[in-house]
Amino acid sequence: MRDPYDVLGLAKTASAAEIKSAYRRFAKKFHPDQSKEPRAKERFAEINGAYEILGDEKKRAQYDRGEIDAEGKPRAAGFEDFMRARRGRARQGAGPDPSHFSFEFGDGEFSRGASGVDPDFLSELFNLGGLGGGARARTSLRGEDVVAVATVPLALAATGGSVRVTLPTGKTLDVAVPVGVEEGKQIRLRGQGQHGARGGPAGDALVTIRYAPHPLFKVDGRDLRFDLPITLYEAVLGAKVRAPTLTGEIEITVPPGASSGRVLRLRGKGLPAAGDGAPGDLFATLRIVLPGGTDAELEALMRRWRDEKPYNPRAGLA
C-alpha cells in the first residue's frame, strides 16, 4: 500500500475537509461500476484504503507518528529501530551500512550464504523477532486482500442492519451496516481475504458501501430530494398533504399560491449521520399535476383567466 497522502494527492498538512474532498473526487473517478480508467478496481480499493487511514482522526495521528502502516497495521518497530541503529553506526564508522548488503533467497527461504555480509549483522538479524539462530528460517506470507461492493438500500443505511455480500473468494457473508453509513465508506473484514502461504495469516476483505437507487429519493450528501405531486387547487388554496420519508409518511403544509418548482425543506428528515453528527434534511420540490383527460369547466375557467387576468411568468428570461 502506498503512502495514503500520495494516493489522495495531498500534503501532510491537509485539513479534514481537503481529505474528504479529495477522496470523493477520486472515488467518483475510479468507481468500478462507472469508470473506464485502467485498473479502476485496484485504484478504487487503494483510494478507499487511504481514506480509511486519513479520514479517521485517530488513525491519521497514529500513521503520522509511525505507529501504524498504510494498511492500518501496527509497525514492526523492532526491525526498523534495528536498521536505523545499524545505519547510524555505519555513518559513525562502526560498521558497514546494512542497506548495501545483498541477500540470497531461494524457494522462500533466507540463506546465510549471502556474499559480503557482516557476520555480526547477520547474527543480529536472525535473532531479531524470534527468527532464531538456525541456518535457515522459513518465511510465512500473508494472504492478499480482496475488494467487494455492498449495495445498501437507503432505508437500511438510515436504520442500520446487515447486507449479504459475495466476496471474490466465493465466500458469502453478512456485513454489518452501521446507522448513517456514508456512501463510499469502506468496511474492513479481518481475515476474510485470500489464504496465507506457509501458515501465514489470511488477508482482509475491503467492502465498499454503495447506495442502491431509490424510486423516489435522490441523495445529495446527507440530504434527500424528491418531487412531491400536488393538485392545481392545492397549489392555489394551500393544503396539508402526506409526504413520504425513509421512516414513514408525514404531513407537510403547502402554502397558498405555491408555484410548481417551489422547494419545501423538512429539517432532520434526510439520512442520519454516523455518531453524533446532525442528520440531513429532506427537500420536497412541488410539481403541479393537472387531472387526466379534458375538463370543459376547467378549460372555460382558464380561457376566462387568460383573457381577464393575463400574466407572463417568463418575463425575466429574456
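Coordinate-derived values only; no laboratory data. It should be emphasised that the depicted structure is a prediction, and the values quoted were computed from it without experimental measurement. Cβ: placed from backbone, ideal geometry, glycine included. Neighbour counts: every protein chain shown.
Just a few scattered comments:
- Peptides 286-293, 193-200 ordered by packing proxy, namely the average of other Cβ atoms within 10 Å per residue, highest first: 193-200, 286-293.
- Entry note: the range 218-312 has Rg to Rh equal to 1.12, where both radii use alpha-carbon atoms and Rh is the Kirkwood radius.
- Packing-based order for 251-262, 49-60, using average beta carbon neighbours within 10 Å, highest first: 49-60, 251-262
- Label-to-label distance, VAL149 versus ALA300, with points set 7 angstrom from Cα along the beta-carbon direction: 5.8 nm.
- The alpha carbon centroids of the range 11-48 and the range 159-228 are separated by 17 Å.
- Model label points for SER259 and ALA61, set 7 angstrom from Cα along the Cα-to-Cβ axis, are 5.1 nm apart.
- The relative contact order of the range 228-318, computed from alpha carbon pairs under 8 Å that lie at least 6 residues apart in sequence, is 26 percent.
- By the Stokes-Einstein formula, at 1.567 mPa s and 4 °C, the range 141-213 with its Kirkwood radius over alpha-carbon pairs has D equal to 103 µm²/s.
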